[in-house]
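The values are calculated or read from the model by the stated rules, or taken from the named source; none is laboratory data. A quick note: this is a predicted structure, and the numbers were derived from the prediction, not measured. Neighbour counts run over all protein chains shown; Cβ positions are idealised from the backbone, glycine included.
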Amino acid sequence: MNDLLKMILFDANTQWVLIGTMLLGVASGVLGSIALLRKQSLIGDAVAHAALPGICIAFLLSGEKSLFVLLIGATMTGLLAAYCIQFIISSSIIKEDAAICLVLSVFFGFGIVLLTKVSQTPSGNKSGLDDFIFGQAASLVGNDVKLMAGAAAVLIFITALIFKELKVLTFDPSFAKGLGLPTGLLNFLFLSLLVAAVVVGIQAVGVILMAALLITPAIAARYWTNSLSKMIVISGIFGALSGMAGTLISTIGEGLPTGPFIVVTATALFLLSMLFAPERGLVTKWVKRMANNKQLRRNKLLQGEKRSGFHEL
Amino acid sequence: MKPVVVENLTVAYQKKPVLSNVSFEVPEGKLIGIIGPNGAGKSTLIKAILGLIPKAAGEIKIYDKKYRAKDRVVGYVPQRGSVDWDFPTNALDVVLMGRYGHVGWFKRPGKKDTEIAMECLKKVGMEEYASRQISQLSGGQQQRVFLARALAQDAKVYFMDEPFVGVDAATERAIIELLNELKRQGKTVLVVHHDLQTVKEYFDHVILLNVNTVAAGATEEVFTLENLHRTYGGKLSFLEKDQLVVEQK
C-alpha cells in the first residue's frame, strides 16, 4: 500500500497514466451515455474489435511501434467497420444486430490472423502488440499518455459544445431535421467521436473490453437520474472511477492487464446502482413497496374496526 | 401568398409510388385536414414537404419559397410513437427543444426561452407537469407536450401527424381548442386526421388523399360522400352507414 502511495505521489509517469485513464473514463462515459440512448452501444463494441486489424496493418507497414501510427491504423479500420455496419443496414434486409455481429467477428478474426503474422516477424514477436487485446496501462509511457489524455479532453470538449444538438438528435431525429439541424453531419460527427474514444482507449483497456467502458458507466448512471445532463456527468464520474481503479490495480500487480479490472470496477458500480439507487434501485423499490403495503394494511384494519363498531350499534 | 403550394409531388420508396402527382394549395389562417385511408401517403406527404424524405419529382413552396428548415416558418408535430419516451428528460426540457432553432449553435437556451416554454406548457394545460419525467406522462399528456414544443417553435405553418390518435376526449377537446386559437392568430395548421365523424366540425379545408389527390378545397364543397367513395374505395363500406347519417344532418 505504501509503495502504491509513493508511486502515485512521486512517479510522474504513473500520475500521467492515471490522469490519462481517468480522462478516458470520462470521455467514454459521456459518449457511452449518448450511444446507449441512441441504441448504438454495440457499434462501439464492433469498432473496438475492428481496431485490431488496423493496429496490425499499421505496424506491418511502418515496422515500428509508435502509438500514434498504430492509432491511425485503428481509426481507419474502426471507421470502416462503423460504415460497413451502416451500409449493411441501409442497403440490405439484414437487421442491425446481425450486421454488427457480422462486422465485429469478421474484422476481429482478420485482426487475429494479422497478429499471428506479426508475431512471426523478427521484430514483431516482442512488439507487445498483444497487449492491445486486454490493455496494459502500465506499458504506457511519456508522450503516449499525453496523446491519450489530450485526445480524451478534446472529445469531452466537443461533446459539451454540441450537447444540445446531440440531445435533440437522439430524442427525436425527425424533429431535429425539422429544426434545420444537419442531421447527417451530426450523425457522422457523433460516430467519429465514438470511434475516437474507442481508439484512444484501446491501449489502456484493450479491444475486447473497451465496450464495457462505454456501456457500463452509462447504464449505471441511468439508475440515478432522469435528466440527460446529470446522467452524462454521473456516467463520466463512474467511467473515471473505473479507469482509475483498473489502472492502479494493473500498475501494482506486475503484468496484470488493465481492461478486466476496469470492467470489474464498472460492473461493481453498476450492481450498486441497480440495487440501491434512489427511486429506480431494486432494493429501494422493494423497501418502499413494503412500507406502502404496511400502510395500506393498517388503513384497511382501521376501516374494518370502524365498520365492525358500526355493526355493533 | 399561399402558405403551402404542392405541385405534382411524387414520392416512391420502392418502384411503386407512395404519392403520385399530388397537387394542392392551402389558404392562410385555416385548419386543414389531411384525410385518407391507411397507406394513402398522409404521413409521407408531411414528411416530403418537410424534406424528411426525398421526393422523386414535383415542387413544394412554403410562402412562395423553397422550404428551408432554418427559415423557421414551419412547426412540426411528429407521431407520438416515433420517439422513445423513456429518454431521460422532463416535459419542460422537451418543449425547450422547440426553441433550439432560435437559440442557435453551441448556445444554451436562456431564461427567456424557458419562460416561452413554460407559457406554451400553460397553453396546453400542462404547466403543473413541467418537471415530470416524460415516461410518467399519459399518452394524452405526451401529445400535449409535443404540441407545446411545436408552439415554442413560433412558426407560421404547422404540420401535425395524427395528434388525436390514442388521446382521451378531454385531450382531444383541448387540442382542437388550441388549433382554433392558432387559427385566430392567423397561423395555418395542417393535420393528418382519421375520424371522418369530426372532419366537418374541426376543419375549414380538407385534402382528400389516396396516393393521388382526390380532392382539395373548402370542407363543405369537397367533403362529399362521392369524394369519400373515391378516396376510400371499397374500404368505405363499413363507414358508410355512419357517414350517411352525418351527410343527411
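Miscellaneous remarks
- Within the range B:102-129, considering residues that are among the aromatic types (Phe, Trp, Tyr) and loosely packed, with under 13 Cβ neighbours inside 10 Å, the one farthest from the other protein chains (Cβ to nearest Cβ): B:Trp105
- Annotation note: of B:Gln142, B:Gln136, the sole residue that is more than 8 Å from chain A (Cβ to nearest Cβ), in contact (Cβ under 8 Å) with a residue 12 or more places away in the chain and polar (S, T, N, Q) is B:Gln142.
One line per residue, one yes/no per condition, for (1) hydroxyl-bearing (Ser, Thr, Tyr); (2) within 14 Å of another protein chain (Cβ to nearest Cβ); (3) under 25 Å from B:Lys187 (Cα atoms):
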| position | (1), (2), (3) |
| --- | --- |
| B:Val18 | no, no, no |
| B:Glu25 | no, no, yes |
| B:Gly39 | no, no, no |
| B:Phe87 | no, yes, no |
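- Complete set of residues in the range A:216-235 that are surrounded by fewer than 24 Cβ atoms within 10 Å (Cβ to Cβ) and either under 20 Å from A:Met148 (Cβ atoms) or within 12 Å of the chain's Cα centre (by Cα) (or both): A:Ile219
- Test: residue in the range A:252-273 that is at pLDDT below 90, in a helix (DSSP H, G or I) and more than 23 Å from the chain's Cα centre (by Cα): yes
- Helices (runs of 4 or more DSSP H) completely within the range A:122-228 that count 1 or more residues being of a type in the set (A, V, I, L, M), within 24 Å of A:Asp11 (Cα to Cα) and more than 10 Å from chain B (Cβ to nearest Cβ): A:142-161, A:183-205
- Screening A:Ala277 with (1) over 27 Å from B:Phe146 (Cα atoms); (2) away from chain B (no Cβ under 14 Å) gives one miss only, at (2).
- Residue in the range B:52-74 that is of a type outside the set (Asp, Glu), crowded, with 23+ Cβ neighbours inside 10 Å and within 12 Å of chain A (Cβ to nearest Cβ) present: yes
- Residue that is nearest to the chain's Cα centre (by Cα) [pool: residues in the range B:60-75 that are closer than 14 Å to A:Gly180 by Cβ and among the hydrophobic types (A, V, I, L, M, F, W, C)]: B:Val74
- Filter pass, B:Arg99 being within 27 Å of B:Ser135 (Cα to Cα), within 12 Å of chain A (Cβ to nearest Cβ) and either touching an Asp or Glu at 6+ places or on another chain (Cβ under 7 Å) or surrounded by 22 or more Cβ atoms within 10 Å (Cβ to Cβ) (or both): yes
- Residue within the range A:242-255 that is surrounded by fewer than 24 Cβ atoms within 10 Å (Cβ to Cβ) and either of a type in the set (Asp, Glu) or within 14 Å of chain B (Cβ to nearest Cβ) (or both) present: yes
- Residue match in the range B:77-98 (condition: assigned to a strand (DSSP E or B), in contact (Cβ under 8 Å) with a residue 24 or more places away in the chain and under 30 Å from B:Phe24 (Cα atoms)): yes
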